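Here's the structure we're looking at; comments come further down.
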Amino acid sequence: MESLSQENRKFNPNPQFVKQAKIAGMDAYKELYQKSIEKPLEFWSDVANELHWFKPWDKVLDESNAPFYQWYTNAKTNISYNCLDRQVEAGKGDKVAFFWEGEPGDKKAFTYKELLDEVCRFSNALKSLGVKKGDRIALYLPMIPELIFAVLACARIGAVHSVIFAGFSSESIRDRVEDCQARMVITADGGYRRGKILELKKIVDEGVSNCSSISEVLVIKRGGEVAIDCPMTEGRDFYYDVISEDCSSVCPPEEMDSEDLLFLLYTSGTTGKPKGIMHTTAGYQVFSYITSKYVFDLNDEDVYWCTADVGWITGHTYIVYGILQNGATQVIYEGAPNHPEPDRFWNIIEDYKVTTFYTAPTAIRAFMKWGDHWLEGKDLSSLRLLGTVGEPINPEAWMWYHEKIGASKCPIVDTWWQTETGGHLLTPIPGAIPTKPGCATVPFFGIEPLVLNEEGETVDVGILAIKHPWPGMLRGIYGDQQRYIDTYWSKWNGRHYFPGDGARVDEDGYYWILGRVDDVVNVSGHRIGTAELESIFVEHESIAEAAVIGIKHDIKGQGLLAFATVIQGKSADEALEKDLIQLVDKRIGKFARPEKIIFSSDLPKTRSGKIMRRLLRSIADGDDLGNITTLADPSVVDEIQKQFN
Ligand code: WTA
């Protein structure tokens, strides 16, 4: 936060870039922004008219049941049509939709026509197994072409996809499948990560063994040099290559209502239970399309590459839906950035002549650590635009990205948004907005941010709020609409959307994101609820109480630090620590492991028994603790502090 408030470097958009940009110069941005705020209905109607509709809408926005806003009411459309058929009809059938590279080096490419055929075949395969509009389908897949086919096939036939990142444990799969009563899981025998094979089907088997809603498990053979052993349950499990063998490559798209559910994506919140964020068809379609178009300034010659996984929202919006709706060419890569060596990303940029590169600050910091020598001799001159997403980027990492990867000529779009927002809300528009290292800068069209205090008064440093609804916003939390109201709309009595981030607005009207203001920690750009971890720890028979906080981490941005008290008579030793880590792996996945677990006889609490997480944070940071005499038992502070020396 300190380093951010001292940052005052400013970089104007590269004039070369501005010349060909869709939004060229500050005046162009201001003009369109003004219109989007003053005449939002006209603005959002114009944008939607760039896409295909089977039937037009009655109303652009229906606010009658706020905060359950509805967009483009009663229209009929299909997002897979806008991603695929529309491109083929516009003469882009032979244009490459994506180049795919597997971690071991296997390569494939699909034109828009080929992708349409594959998606239709996949759609017909799903139909042949009985999948119908409205069915929920869980996807647990590596980053292989079939993941893209499967997502778009669900959208095409109106099934609701719920993609589960393939780093989640079998128990996480079970929770997510049960919450939405999914009827099918689509998975693969395996996938590659850092040279190893992840046996995904086995994890799925464990996860869904007792899920009564599941009637089919559809298994894709990843293919490659190693055959992956894959037990199949008769009558439930089917191989995709067998099922799809006779399927036609023609499948008319379902005419979806604007507010029909398109997908669910589970994300961590401040309570133990993950939330199934609901996105519907038309609003998300329009918002993913238009943010991709302007923020990435996509044109016909571009080769775009986003390094996210489709298991997270970034992959949904800025690999699948937003990018394909713009008819752009992209690269999709299956594996790790440092396999076989830490220059893999730079080789991919060079090989495919990537022009637009979108990645996470945590990856940038890892590259900085691995050393600049991995860049020697790499030709990155094809790049014209860089982007970051997922967490605040520290100015040092921003400058490295700017100089070493962007050769000081590529604009950087630091995009702030969330699973819930569907797409970018704060971001530079690359040919228009001067950037500042570490700053998400200005609102996207149609977005009016505010920085408020708890009372709803405007302040310079406070809590970020979003004033009006926008098409890409979530429509709720699956099965728990009260939680939707409580989480996002109760802070200022339903007046503004509450994203859960702190923000500062500077003298230029730029917004600086200061991190979460709730009990969510952002580890390498992945949201982890501290309450979720705490409840996992106390499941262990030796643990009485636990508190989890976020701490600064050089690479991950934030790491997790756990404090736990041990039940009398049990010993706090390495074996216990190992046990607890295994429990985290089992319940969530390895990516949610804490950096360290600190055991003590008690936790610092107020006299009313509330655990003082803020104090734990100060202890961890070595900050002055102030007056601690009001604690129920001040001596525990000493006991914990000693473990930091
Ligand atoms: C954080 C990821 C600062 C923020 C797209 C938000 C960011 C949460 C940025 C959402 C950014 C995302 N600068 N912080 N550019 N982008 N965040 O749902 O705390 O995985 O609330 O969506 O990530 O994480 P989610």
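The values are calculated or read from the model by the stated rules, or taken from the named source; none is laboratory data. Note that this is a predicted model, so its numbers are computed, not measured. Note that we place each Cβ from the backbone using ideal geometry, even for glycine, and neighbour counts take in every protein chain shown. Remember, those area values only see protein heavy atoms, side chains included, never the ligands or the DNA or RNA. Shrake-Rupley method; radii C 1.70, N 1.55, O 1.52, S 1.80 Å.
Can you give me the number of residues within region 489-503 that are touching a Gly at 6+ places or on another chain (Cβ under 9 Å) and more than 16 Å from the ligand (Cβ to nearest atom)?
Residues in region 489-503 being touching a Gly at 6+ places or on another chain (Cβ under 9 Å) and more than 16 Å from the ligand (Cβ to nearest atom): 3 in total.
Among the residues of region 561-612, write down those that are open to solvent by 50 Å² or more (accessible area, probe 1.4 Å), aliphatic (A, V, I, L, M) and part of a helix (DSSP H, G or I).
Of everything in region 561-612, just one residue is open to solvent by 50 Å² or more (accessible area, probe 1.4 Å), aliphatic (A, V, I, L, M) and part of a helix (DSSP H, G or I), namely ALA575.
I'd like to know if region 332-344 contains one or more residues that are more than 21 Å from GLU103 (Cβ to Cβ), among the aliphatic types (A, V, I, L, M) and surrounded by 21 or more Cβ atoms within 10 Å (Cβ to Cβ).
No, region 332-344 has no match at all.
Which fully enclosed helices (runs of 4 or more DSSP H) of region 1-97 have 1 or more residues being open to solvent by less than 50 Å² (accessible area, probe 1.4 Å) and under 26 Å from VAL354 (Cβ atoms)?
15-20, 26-38
Step by step: first the residues of region 353-395, then only those that are within 23 Å of TRP417 (Cβ to Cβ) and of a type in the set (D, E, K, R), then the one that is nearest to the chain's Cα centre (by Cα). Which residue is that?
The qualifying residue nearest to the chain's Cα centre (by Cα) is GLU391.
Given the condition open to solvent by 10 Å² or more (accessible area, probe 1.4 Å), away from the ligand (no atom under 16 Å from the Cβ) and on the phi > 0 side of the Ramachandran plot, answer yes or no: does some residue in region 397-416 qualify?
Yes, because at least one residue in region 397-416 is open to solvent by 10 Å² or more (accessible area, probe 1.4 Å), away from the ligand (no atom under 16 Å from the Cβ) and on the phi > 0 side of the Ramachandran plot.
Kindly check whether there is at least one residue in region 128-146 that is in contact with a Lys or Arg (Cβ under 6 Å, 6 or more places away or on another chain) and open to solvent by 10 Å² or more (accessible area, probe 1.4 Å).
yes
Do we find that PRO392 is touching a residue at least 60 places away in the same chain (Cβ under 8 Å) and within 16 Å of the ligand (Cβ to nearest atom) in this structure?
yes
Within the set of pairs 6 or more residues apart or between chains, which connect a residue that is touching a residue at least 60 places away in the same chain (Cβ under 8 Å) and outside any loop (DSSP other than H, G, I, E, B) inside region 426-447 to a residue that is of a type in the set (Val, Ile, Thr) and within 15 Å of the ligand (Cβ to nearest atom) with Cβ atoms less than 6 Å apart?
Note: pairs meeting the criteria are THR435/ILE412; THR441/ILE433.
Do you know which of the residues in region 417-438 that are farther than 20 Å from GLN325 by Cβ and near the ligand (Cβ under 9 Å from one of its atoms) is surrounded by the fewest Cβ atoms within 10 Å (Cβ to Cβ)?
Out of the qualifying residues, it is GLN418.
Against the conditions (1) in contact (Cβ under 8 Å) with a residue 40 or more places away in the chain; (2) open to solvent by 40 Å² or more (accessible area, probe 1.4 Å); (3) not in a loop (DSSP other than H, G, I, E, B), where does GLU254 fall short? Just the number, please.
The one condition GLU254 does not meet is (3).
Six or more apart or on different chains, Cβ under 9 Å: which pairs go from a residue in region 624-642 that's surrounded by 12 or more Cβ atoms within 10 Å (Cβ to Cβ) to one that's part of a loop (DSSP other than H, G, I, E, B) and among the β-branched types (Val, Ile, Thr)? Could you list them?
Once the first residue is surrounded by 12 or more Cβ atoms within 10 Å (Cβ to Cβ) and sits in region 624-642, its partners that are part of a loop (DSSP other than H, G, I, E, B) and among the β-branched types (Val, Ile, Thr) give LEU631/THR606; ALA632/THR606; PRO634/ILE628; VAL637/ILE628.
Quick check: is even one residue across region 508-519 farther than 23 Å from VAL459 by Cα, buried (at least 21 other Cβ atoms within 10 Å of the Cβ), within 15 Å of the ligand (Cβ to nearest atom) and of a type in the set (Val, Ile, Thr)?
No.
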